[in-house]
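Peer 1: Could you have a look at this structure, given as structure tokens, before my questions?
The values are calculated or read from the model by the stated rules, or taken from the named source; none is laboratory data. Since this is a predicted model, take the numbers as computed values, not measurements. So basically every Cβ, Gly included, is an ideal-geometry build from the backbone, and we count neighbours across all protein chains shown.
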Amino acid sequence: MSKYDTAEDVASSFTEDGVSDDFDDISFIERYKILTNLNSQGNNALMIAAQYKHESNAVEQIFKGMEDFPEHELAVILMKTTSTGQNALMLAAQYRPLDVPSILEGLSRISAQQAEVLAKTDTQGNNALMLAARYQPASIANILKSMENLSPTLRADILAKTDSQGNNALMFAARYQPASVATILKSMENLSPAQRAEILAKTNSQGNNALMIAAEYQPNGVIPILQSMENLSLAQRAEILTKTDTGGRNALKLALYHQQSVIIPILNSMESLSVAQKAEILIKTDRSGWNVLTLAVCDRTTAVAPILEALSNNSMKDTYELLKSAVYDLVEMRGKRASDTFRLFWEKDLHFFWKN
């Protein structure tokens, strides 16, 4: 009985020292049969190694055994997918990032199918880049480097692709891998303004774009996104900043709730917006009836002063009056239940209102 009877046998035969017997001496035809043999789940040896063989360099050794494979035969192995639609690259991007460079090097040998492998999505709508952005950030730079060989349109398609919940790779990075946000944004620089805007403005099933996700979960991702937005048109920037989620919260309000260190940068990014656009962000109430100023006052944050400053423009008088009324109502409601000390705090922090 051959020790290569099953795909698991093949994957298990590769160790840190290479192959346990003379795999390289087997003919090309036999090696191809061995490496295309599938297990009961439909996985070939490369897919098994990329998914399970974390203790060895099996993937690298398998590619050494395929060095003389013609493009077509190599493509067959690299394009094979699991029952959930994942090819070897996607499996490595999720489970075994150290193997991603070896797979990408092999992928460079099948130029005709390279884009197809990189763009392939699983049953949940994830491509390899999206899986890396969610699970294994060490793979992101390598996958983006490989994508440089594709046309801008194909790269934009991969970057804009969303999963079943509406999340693209940038949104996953904003949620799970903030250090990778700048890397993904850098790869978008030579896309058209419309393509960049589409990726940045995309919202998921909860109504959140990448900026909103970063403002809620990962403050280190906020600044790179705001910097990238500087190259967009005023209308495109306004669309991102005014967007609200299913709870009626925009990026500024999410920062007030969760990441107050990025409130000032978000307020600064609003400076070039029109009065009406600023008003929409500042006046908008969420599902609980809070606007950004009443929320800031209630939470006793340091954001009260800069928000008041944002309202100090005389041309925003109508907006100012609406917010002034809302805060008076809030002070009245809370003041009736508050101690004298708490009432003094409100009067001190809202002295701007008392003077105007």
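Peer 1: Kindly indicate whether Thr203 is modelled with pLDDT of 95 or more, more than 20 Å from Leu91 (Cα to Cα) and not in a helix (DSSP H, G or I).
Peer 2: Considered against the rule, which asks whether it is modelled with pLDDT of 95 or more, more than 20 Å from Leu91 (Cα to Cα) and not in a helix (DSSP H, G or I), Thr203 comes out as yes.
Peer 1: Sticking with this one: Select, from Ala179, Ala201, the only residue that is under 20 Å from Ser272 (Cα atoms) and in contact (Cβ under 8 Å) with a residue 40 or more places away in the chain.
Peer 2: Among Ala179, Ala201, only Ala201 is under 20 Å from Ser272 (Cα atoms) and in contact (Cβ under 8 Å) with a residue 40 or more places away in the chain.
Peer 1: Next up: Please find, among Met270, Met171, the residue that is within 30 Å of Ala305 (Cα to Cα) and out of contact with any Pro (no Cβ under 6 Å at 6 or more places or on another chain).
Peer 2: Met270
Peer 1: Got a sec? Which of Thr294, Thr285, Thr302, Thr242 is out of contact with any Lys or Arg (no Cβ under 7 Å at 6 or more places or on another chain), of a type in the set (S, T, N, Q) and modelled with pLDDT of 95 or more?
Peer 2: That would be Thr242, the only listed residue that is out of contact with any Lys or Arg (no Cβ under 7 Å at 6 or more places or on another chain), of a type in the set (S, T, N, Q) and modelled with pLDDT of 95 or more.
Peer 1: Which of the helices (runs of 4 or more DSSP H) contained wholly in the range 65-181 include at least 3 residues that are crowded, with 16+ Cβ neighbours inside 10 Å, at pLDDT 95 or above and within 12 Å of the chain's Cα centre (by Cα)?
Peer 2: The qualifying helices (runs of 4 or more DSSP H) are 128-135, 169-176.
Peer 1: Across the range 186-200, what is the number of residues that are part of a loop (DSSP other than H, G, I, E, B) and either among the hydroxyl-bearing types (Ser, Thr, Tyr) or within 24 Å of Val262 (Cα to Cα) (or both)?
Peer 2: 3
Peer 1: Then there's this: Mind counting the residues in the range 244-276 that are more than 22 Å from Asn204 (Cβ to Cβ) and part of a helix (DSSP H, G or I)?
Peer 2: Result for the range 244-276: 9.
Peer 1: So, Ile240, is that one in a helix (DSSP H, G or I) and surrounded by fewer than 19 Cβ atoms within 10 Å (Cβ to Cβ) or not?
Peer 2: Against the criterion (in a helix (DSSP H, G or I) and surrounded by fewer than 19 Cβ atoms within 10 Å (Cβ to Cβ)), Ile240 does not qualify.
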